[in-house]
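The values are calculated or read from the model by the stated rules, or taken from the named source; none is laboratory data. The structure presented is a predicted model; accordingly, all values stated were derived computationally and were not measured. Cβ placement follows ideal geometry from the backbone for every residue including glycine, while neighbour counts extend to all protein chains displayed.
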Amino acid sequence: MKKLTTTDLLDLKGGVSVEEYCATLDQMIQDNWDNWNRDQKKAATDAFSAHC
């Protein structure tokens, strides 16, 4: 029987990696920054600061 790695376990839970989350968030910020209001910008920067 194969021993599961941490990556395997994350995939089983359906989660995304920190790298993938941060890359997606970064792309969203780059694509939308000029169109977001102050609250949306704060939420994005708070999320990036906390998780990336």
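Are any of the residues in region 24-35 of a type in the set (S, T, N, Q) and loosely packed, with under 10 Cβ neighbours inside 10 Å? Scanning region 24-35, I find at least one residue that is of a type in the set (S, T, N, Q) and loosely packed, with under 10 Cβ neighbours inside 10 Å, so the answer is yes. The residues in region 36-47 that are in a helix (DSSP H, G or I) and either surrounded by 10 or more Cβ atoms within 10 Å (Cβ to Cβ) or touching a helix residue (DSSP H, G or I) at 6+ places or on another chain (Cβ under 8 Å) (or both) can be counted, and the count is 8. Note on region 9-19: residues that are surrounded by 11 or more Cβ atoms within 10 Å (Cβ to Cβ) and of a type in the set (Asp, Glu) total 1. Whenever a residue of region 2-30 is at negative phi and part of a loop (DSSP other than H, G, I, E, B), its partners that are surrounded by 11 or more Cβ atoms within 10 Å (Cβ to Cβ) and modelled with pLDDT under 95, lying with C-beta atoms within less than 7 angstrom and at least six residues away or across chains, give the pairs Ser17/Leu10.
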